[in-house]
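Scroll down for the structure; my scribbles are underneath it.
What follows is calculated from the coordinates using simple rules that are stated; it is not laboratory data. Please read these numbers as outputs of a predicted model, since none were measured by experiment. All Cβ positions, glycine included, derive from the backbone under ideal geometry; neighbour counts span all protein chains shown.
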């Protein structure tokens, strides 16, 4: 049976945003698995994700204080519906990212990461898929705040979609260049 996955990162609540947009909470409610790739910045947000998500996979980011140390690891490696998955906050500079991640995550099919607030979708020479959802709350220099959804199905990664949130409001606009 296919597994629906929501991927978010860099929420920065309450430092950069007062709350997660309602469209993201609606996606949490629909997803079988929710992945947060770090920079929560507030434990109440982690608590809320843990309460609302059917299954939460999360890591801590560089802006998450020591209060996160006992609650979240820096890296998660797991398998979901036949896909070997890893989650990490930071992957370093975009230059040579694919080669570097092949070396660091050799037994992985899908690496989900954050930190840059810039959506990313590439496949490495070894076939590792790299995805960054951007940020649903702190778009920085990006035109939209964003998050990702995808489906994992018997070892396959399908239906990857980048969802753009309007600068004001919380609508969802699929982004065709991120769809596969």
Residue 26: passes all of (1) outside any strand (DSSP E or B); (2) in contact (Cβ under 8 Å) with a residue 12 or more places away in the chain; (3) surrounded by 13 or more Cβ atoms within 10 Å (Cβ to Cβ) but (2)
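Picking from 85, 45, 72, which residue would you name as being in a strand (DSSP E or B) and in contact (Cβ under 8 Å) with a residue 12 or more places away in the chain?
That would be 85, the only listed residue that is in a strand (DSSP E or B) and in contact (Cβ under 8 Å) with a residue 12 or more places away in the chain.
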Just need a number here: residues in segment 146-161 that are more than 13 Å from the chain's Cα centre (by Cα) and not in a loop (DSSP other than H, G, I, E, B).
7
What are the residues in segment 72-98 that are closer than 16 Å to residue 126 by Cβ and exposed (fewer than 12 other Cβ atoms within 10 Å of the Cβ), if any?
96
